[in-house]
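Values quoted throughout were computed directly from the atomic coordinates according to the rules given, and no laboratory measurement underlies them. This one's a predicted model, so the numbers in the text were calculated from it and none came from an experiment. Heads up, the Cβs are rebuilt from the backbone with ideal geometry, glycines too, and the neighbour counts pull from every protein chain shown.
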Amino acid sequence: MKINPAKAIHSVHPGKIILPLLIGLGVAIFIFFREGTLSSFLTIQFSTTVLFFLFMAALMIVARITGYVIRLRILSEKKIGIGSCIRIILLWEFSTAIAPFAIGGTTISLLFLYKAGLPIAKGTAIILAALFLDELFFVVVFPIVALLVGWDSLFQLTNHSFQAGVLNKYVYFAMAGYCIMLLVVLLIGYSLFFNQQTLKKLIVSIFSLPGLRRWKEGAIHQADDIVTASKHLSNKPFKFWLKSFGATVFSWTSHHLIVNFLILALIFGIKGGNEPHVVTLVEHVNIYARQLIIWIMTKVMPTPGGTGLSEVIFMEYMKMFIPEGFNSLMTVIWRLFSYYPYLFIGAVILPSWIRASFMGHTHEEISDEEEAE
């Protein structure tokens with residue numbers, strides 16, 4: 001497989017944050033003017049309790065990155081230092097944030113790992129394992145939380161509506177996304193642990209279809225890399241996968257708990273926290289479960305990082321847990337905590353990483369053959 005650094009870097013140029021910023025800003029302005037977000041914000045009293053929950057929400061961002069860093073250390077067998085792991089994860093999150101689809105960051109992620117000292121085949125193995133573990137998290141955790149809170153409760157939109165069931169559009173959206181993730185887990189899992197040639201045959205078959213044949217040769221090379229990576233990963237002991245999955249659960253759980261802490265901060269901030277509404281444990285699990293569903297929807301949205309559409313879905317789908325009149329404010333704050341930090345941090349560290357990694361040699365292609373030499 002060959003990597004063209006110039007093309008890969010161009011796909012994550014810091015200037016590409018402009019589009020998601022414009023979309024997000026447009027949605028934020030619309031929300032502010034339509035629902036009086038500013039006036040709602042001015043009524044909040046920032047007590048010690050409120051600041052504590054805001055701190056906890058920010059801490060969840062750090063925890064998410066920490067979980068991914070731990071996983072990368074495990075998957076790379078500690079071949080990458082902690083500092084490099086942190087930098088790679090931040091750049092990886094940045095590339096995902098500006099891409100319409102998660103797969104859009106695959107090539108640049110390979111480049112990050114290669115420049116950290118890993119061969120391309122090893123980097124491919126890590127990306128394949130990361131994809132498998134991320135999808136496995138949703139496949140395993142979603143049914144558990146859905147069972148805990150109940151199907152109807154999970155998909156109802158208001159406190160007075162019990163018409164969820166099969167009538168709610170989010171049911172179909174969530175199930176479609178879940179089925180796609182389940183298919184990915186089954187394909188990669190079978191290819192990893194049972195038959196490494198299966199995924200290669202599927203890739204070749206897909207790119208043999210009319211309209212896709214022009215990319216068939218490149219797809220075959222990519223499939224060969226995946227087979228090599230699969231053989232390497234399939235020999236890993238159960239403990240290796242258990243620790244990697246544990247780090248994945250920690251990372252994703254931290255990410256989804258951001259909303260729980262933000263809602264608590266808002267509740268205690270209204271009227272100075274006097275007689276705040278008590279959020280029950282079941283409601284917290286419901287909020288967490290809905291975050292899983294929103295993320296599934298975000299992954300198939302055409303805008304960078306799901307910007308614009310994510311806010312609209314969040315406002316409708318989470319409003320029953322947010323005090324009346326503060327729904328739009330919570331939506332804006334949620335994106336400030338869950339999305340924009342990766343956008344800005346990545347844009348800041350990417351230029352220095354490019355200068356340190358290439359020193360003017362981004363035009364040279366990297367391939368497995370060159371590594372062998």
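Below, the figures for the structure above:
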| item | result |
| --- | --- |
| Of K201/K231; K115/K239; K243/K319, pairs whose Cα-Cα distance is over 26 Å | K115/K239; K243/K319 |
| Ascending count of other beta-carbon atoms within 10 Å, so fewest first, for E316, E135 | E316, E135 |
| Net charge over other residues, Cβ less than 12 angstrom from the Cβ of A356 (K, R count +1; D, E count -1) | +3 |
